[in-house]
Amino acid sequence: GGYRKLKYGAKRPSYKRSRSSPPGAGALEEVLEKKVATFDFDETLAIWHHKDGEKVSLDSFYPNVKTILKMRDLKNEGYEIHIVTSRHSIRSAPVFNFVRGAGDAILNRGTDKEERIKISDLVDEENIHFAAGDKAIILKDLNSNVHFDDDEEEFEIYRKLYPEDEMEFYLIKFDITWNNYYEH
């Protein structure tokens, strides 16, 4: 069958074919072809509205258009998209709201070339994972090929646990002030 949702800390299933199966009949070939891209949520996909260094509210965020464009590009290249957040599942509402439409990005707003990127077209809700802390085990269980995150510490933890893994990491970082980001 298809992808099976892994619980936090779950073991990977065996992909060995039985002795009676012909070569190529095992699920391993199918898994090797699947490419997975993972994205952090807070400050990677959703940029929280801040005032004087503090979040304004739990519902006030902006979609990070550059990251969403990269997500769309990877989806178009055949990647399976997952959101892996450090949040605990009891704080899941903003993540689901984001995927259900609040995070949709609008390009060229107010022009005849206006385009809406629907997050729900890029990420299935069953591909949202709540790590309640460290994401490394979930990223490994998903066989993520590439991960986008605003926290360099996540990359360091992953590299310590899985030093031989070749997953690519991309740091999401802002070189402008929050006020300039929101105004432009």
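Computed from the coordinates by the stated procedures, all read-outs in this text should not be read as laboratory data. All figures in this text were calculated on a predicted structure; none of them were measured in a lab. Every residue, glycine as well, gets a Cβ built from its backbone with ideal geometry; the counts of neighbours run over all protein chains shown.
Key figures
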quantity	calculated
Loop-resident sites, the range 81-145, for trypsin sites (Lys or Arg not before Pro), counting at most 16 other Cβ within 10 Å (DSSP)	Arg109, Lys113, Lys118
Paired Rg and Dmax values of the range 53-164, which use every Cα atom, in angstrom	15.2, 49
Highest average packing first - 127-133, 165-171, Cβ atoms within 10 Å	127-133, 165-171
